[in-house]
Each structure stands twice: as C-alpha cells, then as structure tokens.
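Report on the following structure.
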Amino acid sequence: MDYVLETNGLCKYYRRFKALDGLTMQVPKGAIYGFVGRNGAGKTTLIRLVCGLQQPTGGEFFLYGTRHTDRKIAKARRHIGAVVESPAYYGDMNAVENMKMQYATLGLPSYDGIDALLKLVHLHDTGKKRVKDYSLGMRQRLGIALALCGDPDLLILDEPINGLDPQGIIEMRELILSLNREKNITFLISSHILEELAKLVTHYGFIDSGKLIQQISAEELDARCRKYLHVKVTNTAILAQVMDKLGTEYEILSETEAYLYRIFQISELSAALSAKGCDLLSVTEREESLENYFLDLVGNAGGETA
Ligand code: ATP
C-alpha cells in the first residue's frame with residue numbers, strides 16, 4: 001500500500017515529559033485518517049513535527065517516502081497543506097487579499113486559481129468583508145482555502161470542527177468529502193469529536209499518552225461497533241449448535257445468556273431454537289457506541305474524556 005505519511009517509533013520529549021512516546025502509524029494515500037485522542041494525547045505534537053514546526057527527539061517519519069532527516073523533506077512538505085490550531089490569516093484583509101498574500105509567500109507565479117479556490121470553500125462572494133468580521137465557520141473555510149494554495153495532496157487539519165455550529169459542521173464535512181473524492185486529497189484530521197468523525201473517515205488512529213494504541217479501518221470499526229442481540233434462552237449449548245449451523249457469530253455469557261452478532265427476526269430465531277428444544281426467553285438489541293469503544297480502548301482512568 002502507498003502511504004503518504006509513515007511514522008516509526010516517533011518521540012517528542014519536552015524535558016522529561018513524553019508528548020510522543022514511540023508513535024508508529026501509517027496514513028494511506030487517498031484516506032481520510034481520523035487521528036483521535038483525548039486532550040493532551042499528542043495529536044498536535046505529531047502535526048507540528050510533520051509540518052516541520054518542531055523536530056523529533058527520536059524515531060523517524062517519512063513523508064511520501066522521504067525520511068524527515070533527508071534534505072529533500074522540504075520538497076516533500078510542498079505536497080502538504082495544514083491548518084494547525086487556528087488558521088493563519090490577516091484579520092484586516094478580505095479573503096482575496098489573504099489568498100494573494102499566501103500565493104506570494106509560496107512564490108506562486110500568478111494569482112490564477114484564487115477565485116476557484118474561494119468558490120470551492122463558498123467564500124467567493126464575500127466582497128470587501130474583512131476576515132476578522134467572519135464567522136468561525138467562514139474563517140475555518142478560509143484556512144482550508146489558504147492551505148490549498150500550492151495544490152497539496154495531503155491536507156492536515158487540527159480539530160477542524162471545534163467550536164463550529166451545526167451548519168458549520170455540515171459545511172466542513174461536505175467540503176472535506178468533496179476535496180477527498182473529487183481532488184483525491186488525503187486528509188489527516190485530528191479530533192476528539194468521535195460521532196462527527198465517524199461520518200467522514202476511512203481510517204482511525206487512536207492515540208493515548210503519545211502512543212498509537214490502535215489503527216483500524218472505518219469498515220472494521222463499524223463491524224466492531226455493530227448492532228447485536230443479547231438473548232436469554234433455556235440452554236445456550238443448544239443455542240451454540242444452532243448458531244454454528246447458521247454460521248452466525250456469538251458469545252456465550254452463561255448457561256442461559258449469550259450475545260448474537262446478527263439481527264434476527266424474533267420469530268425466525270425462536271422457531272430455529274425451539275425446533276432443537278431450546279426456548280427463547282428474551283431478546284434485547286444493543287449497539288456498541290464509538291465513544292464506548294474508544295473509552296474501553298484507552299481506559300477510563302485518568303485523562304480527560306475524548
Ligand atoms: P488537544 O486536543 O488538547 O490539543 P493534543 O492531543 O493535541 O491535545 P498536544 O498539544 O500534542 O496534545 O500536547 C501533548 C502533551 O504535550 C500535552 O500534555 C502538552 O501539555 C504537552 N506539550 C505540548 N507542547 C509543549 C511544550 N512546548 N512544552 C511542554 N509541554 C508541551
């Protein structure tokens with residue numbers, strides 16, 4: 001698989017405090033990678049290292065296959081755009097003026113493309129309005145337009161939906177999805193708003209105390225957080241035989257209780273069991289929430305909530 005970013009045992013220490021403690025992760029090309037962790041887990045630290053704002057204490061990372069110590073890393077960084085913490089803009093300027101400043105900073109030869117970029121983020125008709133008078137959602141979208149100057153194919157967004165109202169969240173989600181699908185831009189998005197991320201991401205990296213504790217595709221995570229049935233029966237040994245025959249996954253909890261990882265019609269389940277001499281006493285549908293999954297993973301002790 002092609003990775004745009006790979007880290008290997010990456011460490012960042014502030015004196016003896018380990019903000020990143022041997023972090024190993026891979027961001028596949030074309031992914032929307034959700035980088036999830038509680039406050040202080042190390043998400044922004046990783047982003048700062050990748051963007052070259054700070055240097056690692058140990059370990060390594062590769063951007064488009066270029067090691068962070070390689071002289072060509074500056075060239076590899078030209079393929080990335082980032083909005084770290086809050087977007088960097090000039091509040092007294094309007095959107096077009098901000099974009100021109102960014103073009104000039106990047107040394108781009110002409111201002112062609114500015115209109116198209118502002119259209120993309122729905123800021124093309126903001127006229128002379130100064131950015132300091134924008135809503136938070138507008139400023140975040142301008143941040144993305146600024147990050148898109150130079151035509152990057154990896155966009156790194158640090159908490160892009162923090163503080164946005166519901167409409168702003170929907171606009172941000174749609175923008176990210178369209179950039180990913182239509183322009184094939186890979187995203188690395190740090191967030192602790194799990195239910196919102198779940199509507200977007202193709203991959204998750206769960207981080208805690210500077211370590212990656214799990215990397216999993218959205219597909220696999222959906223399967224783990226799927227709906228299941230908690231059943232009470234007269235005999236789970238018979239239930240197990242019936243489930244084996246039906247090819248259904250299950251977990252026996254006791255002689256009378258089990259989880260079934262398939263949503264049956266109650267009448268169908270009851271008939272299949274009673275044909276073998278087992279009665280169905282009760283059925284409850286359950287669903288593991290993403291939030292609970294994450295909390296189980298990192299443990300509830302210490303730390304702030306995700
Ligand atoms: P948040 O969601 O709150 O932004 P985060 O996962 O992005 O959290 P980081 O900003 O990466 O967390 O910080 C990780 C840890 O490193 C925190 O405990 C933070 O206090 C610490 N830290 C970050 N920068 C410094 C610094 N310059 N000096 C000392 N400690 C730092």
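Inspect the stretch 212-232 for any residue being touching a residue at least 24 places away in the same chain (Cβ under 8 Å), assigned to a loop (DSSP other than H, G, I, E, B) and among the polar types (S, T, N, Q) and give the result as yes or no. No, there is no match, as no residue in the stretch 212-232 is touching a residue at least 24 places away in the same chain (Cβ under 8 Å), assigned to a loop (DSSP other than H, G, I, E, B) and among the polar types (S, T, N, Q). Here the condition is being under 23 Å from T24 (Cβ atoms), touching a Cys at 6+ places or on another chain (Cβ under 8 Å) and in contact (Cβ under 8 Å) with a residue 40 or more places away in the chain; of Y204, Y293, it holds for Y293 alone. In the stretch 242-259, the residues that are within 12 Å of L273 (Cβ to Cβ) form Cβ pairs under 8 Å with partners that are open to solvent by 80 Å² or more (accessible area, probe 1.4 Å) and in a strand (DSSP E or B), at six or more places apart or across chains, as follows: A258/E251. If you go through the stretch 119-161 and keep only what is open to solvent by 20 Å² or more (accessible area, probe 1.4 Å), in contact (Cβ under 8 Å) with a residue 40 or more places away in the chain and outside any loop (DSSP other than H, G, I, E, B), you end up with L120, K132, R139. Restricted to strands (runs of 3 or more DSSP E) entirely inside the stretch 6-87, those with at least 1 residues that are of a type in the set (K, R) and either within 15 Å of the ligand (Cβ to nearest atom) or out of contact with any helix residue (DSSP H, G or I) (no Cβ under 9 Å at 6 or more places or on another chain) (or both) are 17-28. Here K227 fulfils each of the conditions (1) open to solvent by less than 60 Å² (accessible area, probe 1.4 Å); (2) at pLDDT below 90 apart from (1). Looking at the stretch 93-107, which of the residues that are of a type in the set (S, T, N, Q) and part of a helix (DSSP H, G or I) is modelled with the lowest pLDDT? Only one residue fits best here, namely T105. Considering G9, G30, G37, which residue is within 16 Å of the chain's Cα centre (by Cα), modelled with pLDDT of 95 or more and assigned by TED's automatic domain parsing to the domain that holds L157? Exactly one residue qualifies, and that residue is G30. In the stretch 64-92, the qualifying residues are those that are more than 20 Å from Q54 (Cβ to Cβ) and surrounded by fewer than 16 Cβ atoms within 10 Å (Cβ to Cβ), and the one that is modelled with the highest pLDDT is G65. The single condition among (1) among the hydrophobic types (A, V, I, L, M, F, W, C); (2) open to solvent by less than 10 Å² (accessible area, probe 1.4 Å); (3) under 20 Å from G34 (Cα atoms) that I169 does not satisfy is (2).
Within the stretch 232-252, the set of residues being within 30 Å of Y204 (Cβ to Cβ) and either outside the structural domain of V283 (by TED's automatic domain parsing) or in contact with a strand residue (DSSP E or B) (Cβ under 7 Å, 6 or more places away or on another chain) (or both) comprises M243, T248, Y250, E251, I252.
A95 meets the conditions (1) free of Cβ contacts under 8 Å to residues at least 60 places away in the same chain; (2) away from the ligand (no atom under 16 Å from the Cβ); (3) open to solvent by 20 Å² or more (accessible area, probe 1.4 Å) in every case but one. The failed one is (3).
The residue that is surrounded by the most Cβ atoms within 10 Å (Cβ to Cβ), counting only those in the stretch 39-63 that are touching a Phe, Trp or Tyr at 6+ places or on another chain (Cβ under 9 Å) and more than 20 Å from I189 (Cα to Cα), is T57.
Being farther than 30 Å from D21 by Cβ, buried (at least 16 other Cβ atoms within 10 Å of the Cβ) and of a type in the set (S, T, Y) is true of Y250.
Within the stretch 162-195, the set of residues being among the charged types (D, E, K, R) and either within 25 Å of K119 (Cβ to Cβ) or in a loop (DSSP other than H, G, I, E, B) (or both) comprises D165, E171, R173, E174, R181, E182, K183.
The values are calculated or read from the model by the stated rules, or taken from the named source; none is laboratory data. None of these values were measured; they are calculated from a predicted model. Cβ sites come from the backbone with ideal geometry, for glycine too, and all protein chains shown count toward neighbours. Keep in mind that these areas ignore ligands, DNA and RNA; they rest on the heavy atoms of the full protein, side chains included. Shrake-Rupley method; radii C 1.70, N 1.55, O 1.52, S 1.80 Å.
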